[in-house]
């Protein structure tokens, strides 16, 4: 049958193995120093592993492949523990794969296994970016008026990567921020800490379509607009790291080389990691 399934570019894969824990079904293994899809029937084609690859080596393609076998894949998942089982079930639900979910729940019921033994653990690498998470609102400054408004550091429009023009004069020789859509909502002081004095483009590596256009525009910003630096700000969720993978691949292929910085934010508004790629 013809269906969607992951494809691993052997030339891009560096053998880091980061994709393997992001595939609870066990479809990916490290063989001869390369990540390989070892069983079509274990790959649901939903791409939970994509954002984990720092080289952008994993994509989703449509080709002739064995049907996905939820029952057999679930056997592997059950042995990995209830937290990973919960992550897998949430993964299916968040992608609307209710047929697979019904099969999984039927198998669990037949085996007398409860899928509600413990809450979903957000650190499990199975599309955790879609997992529900509640946390306490940050305390307000009680001495600040409710009408007080911090000044915006935004100096241009539009900001969505599909809409921007790399030839716009304000990008010329600018420090460029490439930011995942959710970041400004997670980090309360985003404008003053990150945006001030810089130009911004936002994108979602999981939901946006036509990402080949993103590659073209980022290359033009580096080679033609002559931006002096590129800072990629993403959330901690695995799928978000596709934006960093995109930036790294563009930097490697562009005619100019600019300093590249990665900043990863937590969902509770903390800076988890800052890394410079020279």
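Things worth noting here:
- Within the option set 87, 83, being farther than 22 Å from residue 2 by Cα, modelled with pLDDT under 90 and surrounded by fewer than 21 Cβ atoms within 10 Å (Cβ to Cβ) holds for one residue only, 83.
- The lone exception for residue 255 - which of (1) part of a helix (DSSP H, G or I); (2) over 16 Å from residue 203 (Cα atoms) it fails: (1)
- When each of 264, 228, 232 is tested for being within 20 Å of residue 19 (Cα to Cα) and touching a strand residue (DSSP E or B) at 6+ places or on another chain (Cβ under 7 Å), the lone residue that passes is 264.
- Listed by first and then second residue, the pairs linking a residue in the range 103-117 that is part of a loop (DSSP other than H, G, I, E, B) to a residue that is modelled with pLDDT under 85 and surrounded by 15 or more Cβ atoms within 10 Å (Cβ to Cβ), with Cβ atoms under 6 Å apart and 6 or more places separating them unless they lie on different chains, are 115/89; 117/82.
- Restricting the range 54-80 to residues that are in a helix (DSSP H, G or I) and surrounded by fewer than 16 Cβ atoms within 10 Å (Cβ to Cβ), the residue that is modelled with the lowest pLDDT is 75.
- Residues in the range 36-51 that are part of a helix (DSSP H, G or I), at pLDDT below 90 and in contact with a strand residue (DSSP E or B) (Cβ under 8 Å, 6 or more places away or on another chain): 50 alone.
- Looking across the range 7-25, just one residue is on the phi < 0 side of the Ramachandran plot, surrounded by fewer than 16 Cβ atoms within 10 Å (Cβ to Cβ) and modelled with pLDDT under 90, and that is 16.
- Residue check, residue 28 closer than 22 Å to residue 206 by Cβ, under 17 Å from the mean Cα position of the chain (by Cα), modelled with pLDDT of 90 or more and not assigned by TED's automatic domain parsing to the domain that holds residue 236: no
The values are calculated or read from the model by the stated rules, or taken from the named source; none is laboratory data. Quantities reported herein were computed from a predicted structural model and do not represent experimental measurements. Glycine gets a Cβ as well: all are built from the backbone with ideal geometry, and neighbour counts include every protein chain shown.
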